Amino acid sequence: MTTSDEQLLPATRRALLHRIAVAQAEGRAPSLVAVVVREGRAVWHGARSSVRGHEPDENVQYRIGSITKTFTAVLVLRLRDEGALDLGDPLERHLPGTGVGEVTIAQLLAHTAGLAAESPAPWWERTSGALRPELGDVLGKQPLLHPAGRRHHYSNPGYTLLGALVEELRGAPWEEVLRREVLEPLGLDRTSGHPQAPHAGGWAVHPWADTLLPEPAEDLGRMAPAGQLWSTTADLARFAVFLAQGDKRVLSAESVREMRTPAAPAEVTDVADGSAYGLGLQIQHRDGRLLVGHSGSLPGFLANVTISLADDVGAVVLANCTSGPPVAAVAADLVRIVAEAEPRIPDPWRPMREVDSAVLELAGQWYWGTHAFALRLTADGGAALEPLAVSGRRSRFRANGDGTWTGLEGYYAGELLQPVRRPDGTVSHLDLGSFVFTRQPYEESASAPGGVDPAGWRGISW
């Protein structure tokens with residue numbers, strides 16, 4: 001992916017450089033690299049290094065830790081889309097003998113299966129995967145800590161199981177499947193399970209002295225699907241575009257949207273900071289923006305991918321230190337800087353290509369009881385139901401091609417909106433999941449549940 005700084009204003013580029021320079025200096029990172037993507041392309045790349053004249057470019061590999069989980073989730077969604085599995089299937093149906101086969105695939109993806117956060121000691125991130133050759137070695141004697149489906153509890157062993165599931169159904173090693181089905185189609189030639197030159201070395205920075213200690217780079221073995229990968233800002237920029245748009249060669253836009261949808265009950269602390277988890281993707285509200293992506297860390301490395309769909313801006317930040325710069329906050333700041341300095345230009349308004357009079361007559365004001373709504377028809381054939389008051393339930397709807405629509409969000413997500421017509425063809429009311437919407441509040445001629453008082457509307461005697 002080529003990067004063109006000229007696509008951003010000089011003041012914006014200066015602000016981006018300042019942000020990563022502060023992060024590298026205050027976080028005491030040996031090096032820090034970042035990229036910003038906008039409208040499907042990389043538009044800025046920046047780097048800072050403790051060695052003058054040796055700033056890494058966009059093709060230097062860093063270890064990306066748990067961003068690997070998002071790649072693993074893509075492989076599982078591909079299997080689902082092919083019909084090889086259902087996300088509601090118990091793991092045992094496809095991967096027998098794990099001892100935790102009652103948990104579902106969706107629960108593993110969303111970290112709600114109740115599994116432990118880590119494998120048994122010694123700490124898997126700093127020891128060879130050869131110490132855990134079997135799934136039982138990864139899961140340990142007490143793999144389940146919580147009732148399945150009840151809470152979000154981040155689990156590295158859970159994604160080890162998903163990697164094993166991919167291997168079982170594909171009949172090939174996880175990394176081989178990943179390369180064939182995701183990396184090669186998306187052109188991620190510098191993403192790999194093991195470091196390929198040029199790559200950064202991982203360092204620990206002493207907390208009370210400006211000194212360094214090299215960190216080991218272990219092969220994680222069975223745990224690879226949870227955190228093995230190495231990548232570059234150029235490759236992760238492409239991956240960010242994929243997570244925003246989808247790619248029919250890998251995963252449809254609809255399935256990627258499903259990954260970005262919250263799928264786990266939020267912990268109390270998560271509610272406080274506005275974060276959630278989808279299917280292999282982290283979701284958070286920050287600075288008034290909805291951001292999706294994933295963080296990653298392994299000894300010697302920190303990584304983050306963050307995307308604002310509304311702004312069509314994403315950022316990647318990589319550093320080669322065990323602790324230091326808050327890469328998730330830095331990535332969010334890079335998105336904010338571009339979004340605020342150079343706001344997205346909305347697409348031009350365009351009218352419908354064709355107008356169906358039977359559909360057009362549905363547009364306008366409707367009432368659910370005494371609640372006033374407006375039904376607007378959109379150029380893409382969809383519809384939007386919006387309350388006329390300050391608050392109220394709203395949703396966009398997708399046309400089904402038969403004169404009905406299906407809700408896309410909020411309370412009405414998945415619910416059917418359909419016009420109900422009288423014998424003469426005129427519209428009596430709208431039915432939305434059994435809710436009756438009429439042209440007037442409690443319209444007498446419509447089928448209002450509970451009926452309408454025959455005396456009609458009235459005042460009150462004082």
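None of the figures in this text is laboratory data; all of them are computed from the coordinates on show. Just so it is clear, the structure is predicted and the values come from calculations on it, not from any experiment. A quick note on method: Cβ atoms are made from the backbone with ideal geometry, for glycine too, and the neighbour counts reach across all protein chains shown.
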*asked:* How would Glu167, Glu26 line up from fewest to most surrounding beta-carbon atoms within 10 angstrom?
replied: Glu26, Glu167
*asked:* So if I take the alpha carbon set of segment 357-437, get Rg, then get Rh from the Kirkwood formula, what is the Rg over Rh ratio?
replied: 0.93
*asked:* From the helices alone, meaning DSSP H stretches of at least four residues, give me the mean residue ellipticity at 222 nm for the chain, per-run term -39500 (n - 2.57), in deg cm²/dmol to the nearest 500.
replied: -7000 deg cm²/dmol
_segment 413-425 - phi-based ³J(HN,Hα) in whole Hz, Karplus 6.51/-1.76/1.60, Gly and Pro as x_ = 4, x, 7, 9, 9, 9, x, 10, 10, 7, x, 7, x
*Of Leu334, Phe239, Thr72, farthest towards positive along the dipole that unit charges on Lys, Arg, Asp, Glu beta carbons give segment 5-341*: Leu334
*On a 0 to 90 degree scale, rounded to 10, what angle separates helix 67-82 from the longest Cα axis of the chain?*
50
*Report the FRET efficiency, 1/(1 + (r/R0)^6), for Arg52 and Arg126, where r is their Cβ-Cβ distance and R0 is 45 Å, rounded to 0.05.*
0.90
_Relative contact order of segment 33-79, defined on C-alpha pairs under 8 angstrom at six or more residues apart (%)_ = 24
*Normalised per residue, the volume of the convex hull around the Cα set of the chain (Å³)*: 207
*Normalised by the residues of the chain, what does the relative contact order come to in percent, with Cα pairs under 8 Å and at least six apart?*
16
_Over segment 357-437, what is the relative contact order in percent, taking alpha-carbon pairs closer than 8 angstrom and at least six residues apart?_
18
*asked:* Please compute the length gained on full extension between Asp453 and Ala358, using 0.36 nm multiplied by the number of residues separating them and subtracting their Cα-Cα distance.
replied: 31.1 nm
_DSSP beta bridge pairing in the chain, given as percent antiparallel to the nearest 5_ = 95
*FRET efficiency for Glu134 and Leu9, Cβ-Cβ distance as r, R0 = 41 Å, nearest 0.05?*
0.15
*Assign unit charges at the C-beta atoms only (+1 for Lys and Arg, -1 for Asp and Glu), then state the dipole size of the chain relative to its Cα centre in Debye, rounded to the nearest 20.*
560
_Based only on other Cβ atoms within 10 Å, what is the fewest-to-most ordering of Glu215, Glu118?_
Glu118, Glu215
*For Phe373, Phe71, what's the fewest-to-most ordering of other Cβ within 10 Å of each Cβ?*
Phe373, Phe71
*For the Cα atoms of the chain, what angle does the longest principal axis make with the long axis of helix 327-341, in degrees from 0 to 90, nearest 10?*
50
*In whole Å, what is the distance between the alpha-carbon centres of segment 406-462 and segment 304-329?*
48
